[in-house]
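*Asks:* Take this structure first; my questions come after.
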Ligand SMILES: Cc1cc2nc3c(=O)[nH]c(=O)nc-3n(C[C@H](O)[C@H](O)[C@H](O)COP(=O)(O)O)c2cc1C
């Protein structure tokens, strides 16, 4: 059976530079034999976490919206690709809202000590992070990486590798950087190959 990867697009621009890099990684993972589901976060209709804390004692969120179907998908997936431009030195607000709604996973794992993800499944789950920034300044990806790594721990899909490109205000079009496009494809392919090798061993 093919392994399942979710590819989260955290940019509002469907044909933007983040989206182009994500497409490369998706193609790589598919070429390695994986099924990839792309989720453009900006197309989803959902509320921010309202701190109702229903999830302290329940395996679901009290708020019913486009996030409702996500939890099962994120339990089942075998790996995750997150692609996001840097906004205000972090990840875009809507992607952060998306991650915050995984308090449902946080409470299960850290409050009830009963993660939704088995230790065996966690071992194979990996996160590939793709990010670009307008500026070329030190630590421009630090905020985005701190949040994304924390999210990876909460959902038991640890940060594994990254493709980062700064200075997009100068570069403008990521297709003029074939080395970066190739890196995204290759890391997607490597992720897919590692998962498919696990599948063959099982
Ligand atoms: C609201 C907003 C905030 C941004 N904040 C930053 C920032 O803090 N640092 C930075 O280097 N670039 C920043 N940028 C630039 C984007 O990271 C850059 O334009 C990126 O290439 C956009 O990716 P896209 O083609 O996927 O839209 C910001 C862009 C927007 C729209």
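The values are calculated or read from the model by the stated rules, or taken from the named source; none is laboratory data. Since the model is a prediction, treat every value here as computed from it, not as a measurement. Here the Cβ positions follow ideal geometry from the backbone for every residue, glycine too, while neighbour counts run over all protein chains shown.
*Asks:* Considering only residues that are in contact with a helix residue (DSSP H, G or I) (Cβ under 9 Å, 6 or more places away or on another chain) and crowded, with 16+ Cβ neighbours inside 10 Å, look in the stretch 162-172 and name the one that is farthest from residue 123 (Cα to Cα).
*Replies:* Per the criteria, the residue is 171.
*Asks:* A further question follows. Considering every residue within the stretch 110-130, establish whether at least one is within 16 Å of the ligand (Cβ to nearest atom), under 15 Å from the mean Cα position of the chain (by Cα) and either surrounded by fewer than 19 Cβ atoms within 10 Å (Cβ to Cβ) or touching a residue at least 12 places away in the same chain (Cβ under 8 Å) (or both).
*Replies:* Scanning the stretch 110-130, I find at least one residue that is within 16 Å of the ligand (Cβ to nearest atom), under 15 Å from the mean Cα position of the chain (by Cα) and either surrounded by fewer than 19 Cβ atoms within 10 Å (Cβ to Cβ) or touching a residue at least 12 places away in the same chain (Cβ under 8 Å) (or both), so the answer is yes.
*Asks:* Counting only residues that are in contact with a helix residue (DSSP H, G or I) (Cβ under 6 Å, 6 or more places away or on another chain) and outside any loop (DSSP other than H, G, I, E, B), which one in the stretch 9-22 is nearest to the ligand (Cβ to nearest atom)?
*Replies:* Filtering first and then ranking leaves 17.
Listed here are the residues, each with its yes/no results for (1) at pLDDT below 95; (2) in contact with a helix residue (DSSP H, G or I) (Cβ under 7 Å, 6 or more places away or on another chain); (3) part of a loop (DSSP other than H, G, I, E, B).
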position	(1), (2), (3)
107	no, yes, no
114	no, yes, yes
128	no, yes, no
148	no, no, no
152	no, no, no
186	no, yes, no
195	no, yes, no
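*Asks:* Considering only the stretch 41-63, state which residues are within 16 Å of the ligand (Cβ to nearest atom) and surrounded by 13 or more Cβ atoms within 10 Å (Cβ to Cβ).
*Replies:* Answer for the stretch 41-63, where residues must be within 16 Å of the ligand (Cβ to nearest atom) and surrounded by 13 or more Cβ atoms within 10 Å (Cβ to Cβ): 41, 42.
*Asks:* Could you look through the stretch 71-97, keep only residues that are in contact with a helix residue (DSSP H, G or I) (Cβ under 8 Å, 6 or more places away or on another chain) and assigned to a helix (DSSP H, G or I), and pick out the one that is farthest from residue 16 (Cα to Cα)?
*Replies:* 71
*Asks:* Name the residues in the stretch 183-202 that are in contact (Cβ under 8 Å) with a residue 12 or more places away in the chain and out of contact with any strand residue (DSSP E or B) (no Cβ under 8 Å at 6 or more places or on another chain), would you?
*Replies:* Matches in the stretch 183-202: 185, 186, 189, 193, 194, 196, 198, 199.
*Asks:* Return the residue satisfying two criteria in turn: it lies in the stretch 64-87 and is surrounded by 13 or more Cβ atoms within 10 Å (Cβ to Cβ) and without any contact (Cβ under 8 Å) to a residue 24 or more places away in the chain, and of such residues it is farthest from the ligand (Cβ to nearest atom).
*Replies:* Filtering first and then ranking leaves 68.
*Asks:* Filter the stretch 148-175 for residues that are under 18 Å from residue 135 (Cβ atoms) and either in contact (Cβ under 8 Å) with a residue 40 or more places away in the chain or out of contact with any strand residue (DSSP E or B) (no Cβ under 6 Å at 6 or more places or on another chain) (or both) and give the result.
*Replies:* 163, 165, 166, 167, 168, 169, 170, 171, 172, 173, 174
*Asks:* Farther than 22 Å from residue 199 by Cβ, within 11 Å of the ligand (Cβ to nearest atom) and crowded, with 23+ Cβ neighbours inside 10 Å - does that describe any residue in the stretch 136-158?
*Replies:* Yes, the stretch 136-158 contains at least one residue that is farther than 22 Å from residue 199 by Cβ, within 11 Å of the ligand (Cβ to nearest atom) and crowded, with 23+ Cβ neighbours inside 10 Å.
*Asks:* Residues to consider are 172, 190; find the one that is within 29 Å of residue 31 (Cα to Cα) and away from the ligand (no atom under 16 Å from the Cβ).
*Replies:* So the residue among 172, 190 that is within 29 Å of residue 31 (Cα to Cα) and away from the ligand (no atom under 16 Å from the Cβ) is 190.
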